Amino acid sequence: MKSRLAALSAGLISLWIAVASPAAHIYHHLLTGHMVQHLLLMVVAAPLVLIASGSNALLGRSLPAALCWLAGSLTVIFWHVPEVLAVTLRSNYWHAIEQFSFFVAGILFWKPAIANATRGSDWSVPVYLFLATLPCDALSAYLVFCDHIVYPSYRSGGQLFRLSPLDDQALAGALMWVFVTFAYLIPALVLSARLLSSERTDATANPGDLEAGAGYGGH
């Protein structure tokens, strides 16, 4: 119960920082601020709130994992299309829709991963998390290495923070690259290590199965 309360508190604080705190206004001036906001909503607040909701929410009615993966990946790609992002900067209404969609997509994305890990993970979870890094890595690499301004709306905002538009763009891409890599791949590696350890334990505990299999093959 205490761990769930801690997760809920941390999740709500992350939501507040992303959408209601004074720092949230940086979104309108820096692409890096936009990136921090969407990472807080999808990668921090969403899984924490989901964990706090307990096993009933996790193990209840679920959508196919492929659909949840697409929801998370396509949401990230869609809102980073330059023309779409420009609309969110001009309209508070569309900005709110964007924030809400990031959080909901985060809930959908993390639900199958957390639910499977809660039940006793299999190899689908590490694969799921690893594949989720690919579209984020592609977008991140594009922002880091691109030699022109992708989002004209952020052409002048970085001056307030002594960042050139290209530096702001590269910093936003690098932040996404590093954050997503740690958030997705570390759990994937931990689960992989547990699965490998479990398989070794099973093989050690049941050596007769291996011998029987070898004997059958030899016969």
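The values are calculated or read from the model by the stated rules, or taken from the named source; none is laboratory data. These numbers were taken from a predicted model, which means no experiment stands behind them. Reconstructed Cβ throughout: ideal geometry from the backbone, glycine too, with neighbour counts over all protein chains shown.
Key figures
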read-out: Complete set of residues in the stretch 53-88 that are part of a helix (DSSP H, G or I) and at pLDDT below 90; value: Ser55, Asn56, Ala57, Leu58, Leu59, Ala65
read-out: Residue count for the stretch 95-119, restricted to those that are of a type in the set (Lys, Arg) and either more than 14 Å from the chain's Cα centre (by Cα) or surrounded by fewer than 19 Cβ atoms within 10 Å (Cβ to Cβ) (or both); value: 1
read-out: Qualifying residue in the stretch 149-160 (condition: farther than 15 Å from Gly173 by Cβ, in a helix (DSSP H, G or I) and free of Cβ contacts under 8 Å to residues at least 12 places away in the same chain); value: yes
read-out: Scope the stretch 77-94; condition touching a helix residue (DSSP H, G or I) at 6+ places or on another chain (Cβ under 6 Å) and either loosely packed, with under 12 Cβ neighbours inside 10 Å or among the small types (Gly, Ala, Ser) (or both); matching residues; value: Ala86
read-out: Residue within the stretch 16-32 that is part of a helix (DSSP H, G or I), out of contact with any Leu (no Cβ under 6 Å at 6 or more places or on another chain), exposed (fewer than 14 other Cβ atoms within 10 Å of the Cβ) and not hydrophobic (A, V, I, L, M, F, W, C) present; value: yes
read-out: Counted residues, the stretch 89-145 - those being of a type in the set (A, V, I, L, M) and under 30 Å from Arg155 (Cβ atoms); value: 10
read-out: Matching option when the condition is under 14 Å from the mean Cα position of the chain (by Cα), at pLDDT below 95 and not aliphatic (A, V, I, L, M), among Phe161, Phe130; value: Phe130
read-out: Members of the stretch 154-176 that are buried (at least 18 other Cβ atoms within 10 Å of the Cβ) and touching a helix residue (DSSP H, G or I) at 6+ places or on another chain (Cβ under 6 Å); value: Tyr154, Gly158, Pro165, Asp168, Gln169, Ala170, Leu171, Ala172, Gly173, Leu175, Met176
read-out: Checking Asp122 against (1) in contact (Cβ under 8 Å) with a residue 40 or more places away in the chain; (2) in contact with a Leu (Cβ under 9 Å, 6 or more places away or on another chain); (3) crowded, with 16+ Cβ neighbours inside 10 Å, the condition it does not meet; value: (3)
read-out: Residue under evaluation Cys136, criteria (1) modelled with pLDDT of 90 or more; (2) more than 15 Å from the chain's Cα centre (by Cα); (3) not hydroxyl-bearing (Ser, Thr, Tyr), criterion not met; value: (2)
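Each row is one residue, and each column tells you yes or no for (1) more than 26 Å from Ala117 (Cβ to Cβ); (2) among the basic types (Lys, Arg); (3) modelled with pLDDT under 90; (4) not in a helix (DSSP H, G or I).
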| site | (1), (2), (3), (4) |
| --- | --- |
| Ala174 | yes, no, no, no |
| Trp177 | no, no, no, no |
| Pro187 | no, no, yes, no |
| Leu195 | no, no, yes, no |
| Glu199 | no, no, yes, no |
| Thr204 | no, no, yes, no |
| Ala212 | yes, no, yes, no |
